[in-house]
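J.: Got a structure for you, questions after.
The values are calculated or read from the model by the stated rules, or taken from the named source; none is laboratory data. In this text, all values refer to a predicted model and were calculated from it rather than measured experimentally. So basically every Cβ, Gly included, is an ideal-geometry build from the backbone, and we count neighbours across all protein chains shown. Remember, those area values only see protein heavy atoms, side chains included, never the ligands or the DNA or RNA. Shrake-Rupley method; radii C 1.70, N 1.55, O 1.52, S 1.80 Å.
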Amino acid sequence: MASKVMDLIYWKDMERSGMVLTGLVVGLLSLFQLSIITVVSTVSLAVMCFTISVRIYYQFLYVLSWGDGEHPFKSYLDLDISFSGEQADLYMQKVIVSTLSAVDALKKLFFVGNLFDSLKFLFLLYLVTYLGDLCNGLTLLIISVIAVFSLPLFYKRRQEEVDSFVAKIQAQLDSIKDTLQRLAQGGGPPPDPTPGGAKPKPQ
């Protein structure tokens, strides 16, 4: 299942990826005008009409001896999506550990376990308030879906340029972070990068 999702994201099958992306975007756009119940029921009705029509068509071909009578959706019916007891326990443990880790991280941020991290989180929340004025959650979800189907492929084709740009940004952020940390600790000159400290100049 994971490999099939990755194939969709990296556009291994152009037709299938295009259909999935178009369906997701159209479905999300329709939520601007219709309720989620209406959208889900309408999409389900359309899918059911399509599958029943195809099933009847294949059965009609078999009756006329023009087909082999094989079920048109046999590959989907035979797809195994069940979990064993061990797999279910493993995934449940991962969910519990991830949830507890997220709660612990939020606890440290809200109760100022680290002043610098809490200030960064405060600034992030401040930016999110402006983002909420510009667009709603549904718009962000549509942008996220488009990004999932475009950014990985873009990174795969432009990996060297992207890595170089990210490295430069990371270096600037590290420099700003070091400056803010020195200010929070009372200032002082930056540490001497030379081994053993500064050396006396030759006379």
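J.: Quick one: which helices (runs of 4 or more DSSP H) sit completely within the stretch 1-119 and have at least 1 residues that are under 30 Å from Arg158 (Cβ atoms) and not hydroxyl-bearing (Ser, Thr, Tyr)? Give the derivation first.
T.: Working: elements: 2-9, 14-30, 36-63, 74-77, 85-110.
Correct list: 2-9, 14-30.
J.: Give the residues of the stretch 165-174 that are among the small types (Gly, Ala, Ser) and surrounded by 11 or more Cβ atoms within 10 Å (Cβ to Cβ), sorted by residue number. Can you show your working first?
T.: Within the stretch 165-174, the subset among the small types (Gly, Ala, Ser) is 167, 171.
Scanning the stretch 165-174 gives no hits.
J.: Against the condition in contact (Cβ under 8 Å) with a residue 40 or more places away in the chain, of a type in the set (A, V, I, L, M) and over 21 Å from Val5 (Cβ atoms), how does Leu115 come out, does it pass? Don't jump to the end; show me each part of the working.
T.: On the way: in contact (Cβ under 8 Å) with a residue 40 or more places away in the chain: yes; of a type in the set (A, V, I, L, M): yes; over 21 Å from Val5 (Cβ atoms): yes.
Considered against the rule, which asks whether it is in contact (Cβ under 8 Å) with a residue 40 or more places away in the chain, of a type in the set (A, V, I, L, M) and over 21 Å from Val5 (Cβ atoms), Leu115 comes out as yes.
J.: OK, next. Applying the selection to the stretch 65-89, what residues are over 16 Å from Arg55 (Cβ atoms) and open to solvent by 100 Å² or more (accessible area, probe 1.4 Å)?
T.: Looking only at the stretch 65-89, we keep the residues that are over 16 Å from Arg55 (Cβ atoms), and these are 65, 79-89.
Correct list: Asp80, Ile81, Phe83, Glu86.
J.: Go through the stretch 25-49 and give me each residue that's free of Cβ contacts under 8 Å to residues at least 24 places away in the same chain, within 20 Å of Ser144 (Cβ to Cβ) and open to solvent by less than 70 Å² (accessible area, probe 1.4 Å).
T.: Selection gives Gly27, Ser30, Val39.
J.: What are the residues in the stretch 121-142 that are at pLDDT 85 or above and open to solvent by 80 Å² or more (accessible area, probe 1.4 Å), if any?
T.: Leu122, Phe123, Leu124, Tyr126, Leu127, Leu141
J.: If Ser118 passes every condition in (1) within 25 Å of Thr179 (Cβ to Cβ); (2) modelled with pLDDT of 90 or more but one, which one does it miss?
T.: Looking at each condition in turn, Ser118 falls short on (2).
Residue-wise test of (1) more than 34 Å from the chain's Cα centre (by Cα); (2) of a type outside the set (Phe, Trp, Tyr); (3) closer than 26 Å to Val25 by Cβ.
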residue	(1), (2), (3)
Leu45	no, yes, yes
Arg55	yes, yes, no
Tyr62	yes, no, no
Glu70	yes, yes, no
